[in-house]
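Taking it in order: structure first as C-alpha cells, then the write-up.
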Amino acid sequence: MAEFIKIYEDKPSEAAIKKVVDVLRNGGLVIYPTDTVYGLGCDITNTKALERIAKIKDVKLEKANFSFVCSDLSNISDYVKQIDTSTFKILKRALPGPYTFILPGNNDLPKEFRKKKTVGIRVPDNNIALEIVKMLGNPIVSTSIHDDDEVLEYSTDPELIFEKWQNRVDLVIDGGYGDNVGSTIIDLSGYEPVVLREGKGDPDIF
C-alpha cells in the first residue's frame, strides 16, 4: 500500500521531499500536487517505472504523450532542440505556470521516447513539485490522474485520491486541495504557436 505524506507548499520540508525523491529513485510512482490537477509521476531515467505508468494509462510507452516536469528553463535544454529567441521569450513569460509546451525533442531524450519528434514540457508553479525535481536532479515524467466517473472531487481531494490509488502507486502527497482544470497546452514546435487545449493558463500570453 502507498505511503501518504503531508507536505506544505509554502514551506516544503526537506526531509519529506527527500522521502519522495528516494521513492522515485527506487523506481516508485508518486502522485503529487501541481499548479493545476494532481499528477502521477516517476523518474524519467527509470524504464521500469515508465512502463508501470504506461500500463496504468493503458498506452504503449513509446506512443505515450507524457509531460516532462522540469524545475526551470535550464532543465529544458537537456531534452529539447535549441530554441529561438521568440520561443524562449514565450517560455520565460509563462513559466513557472499552468502550461504544457510542446517543443521539438533532441537526441538526448531517454531511449523510450527517441522515436518522438516532440516533447511536452511543464514547469509548474508549485513549490512541492519544483523541489522534488530539483532534489532528484532530472525531470519527472508526468501524466494527470483522470477519473473514470468524472467526479471532480476525486481529482482535487488528496485523501480521496489516496483511497483510489493506494494500491497502484507507492506514495501520495497531500499538498492541499488540487485544481480540477488541466494545463493549457501550446504547441511551439512549428512556425506559429498553436493552442491545442485551453486550460488554466491564459492562452493569450503571446
> lysines near LYS81 by alpha-carbon distance under 23 Å, same-chain residues fewer than 8 away left out - which ones?
Replying inline: LYS63, LYS89, LYS92, LYS111, LYS115, LYS116, LYS117, LYS134
> Where does segment 1-99 land on Rg(C-alpha)/(2.2 N^0.38 Å)?
Replying inline: 1.22
> Once label points are set 7 Å from the Cα along Cα→Cβ at both VAL59 and ASP108, what is their separation, rounded to one decimal in nm?
Replying inline: 2.4 nm
>> Using a 1.4 Å probe on the protein heavy atoms, what percent of the accessible area of the chain belongs to carbon and sulfur?
In response: 46 percent
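Within 10 Å, count the other beta carbons around each residue, average over each peptide in 10-20, 111-121, and list them highest first.
Details: 10-20: 14.5, 111-121: 16.3.
Peptide ranking by packing, descending: 111-121, 10-20.
Assuming a viscosity of 0.692 mPa s and a temperature of 37 °C, what translational diffusion coefficient in µm² per second does Stokes-Einstein assign to segment 44-198, Rh being the Kirkwood radius over Cα pairs? The partial results should precede the final answer.
Values: Rh = 16.5 Å.
My calculation gives 199 µm²/s for D.
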> Sorted by average packing, counted as other Cβ atoms within 10 angstrom per residue and highest first, what order do 30-40, 189-199 take?
Replying inline: 30-40, 189-199
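What does the accessible area per residue of segment 2-56 come to in Å², with a 1.4 Å probe and no ligands, DNA or RNA counted?
Details: 2490 Å² over 55 residues.
I get 45 Å² per residue for segment 2-56.
Around LYS200, what is the net charge, scoring Lys/Arg as +1 and Asp/Glu as -1 over all other residues with Cβ under 14 Å from its Cβ?
Working: positive: ARG122, ARG197; negative: ASP35, ASP125, ASP179, GLU198, ASP202, ASP204.
Every neighbour counted, the sum reads -4.
The values are calculated or read from the model by the stated rules, or taken from the named source; none is laboratory data. It should be emphasised that the depicted structure is a prediction, and the values quoted were computed from it without experimental measurement. Counting neighbours? That spans all protein chains shown, and the Cβs are built from the backbone with ideal geometry, glycine included. Please note that ligands, DNA and RNA were not included when accessible areas were found on the heavy atoms of the full protein model with its side chains. Shrake-Rupley method; radii C 1.70, N 1.55, O 1.52, S 1.80 Å.
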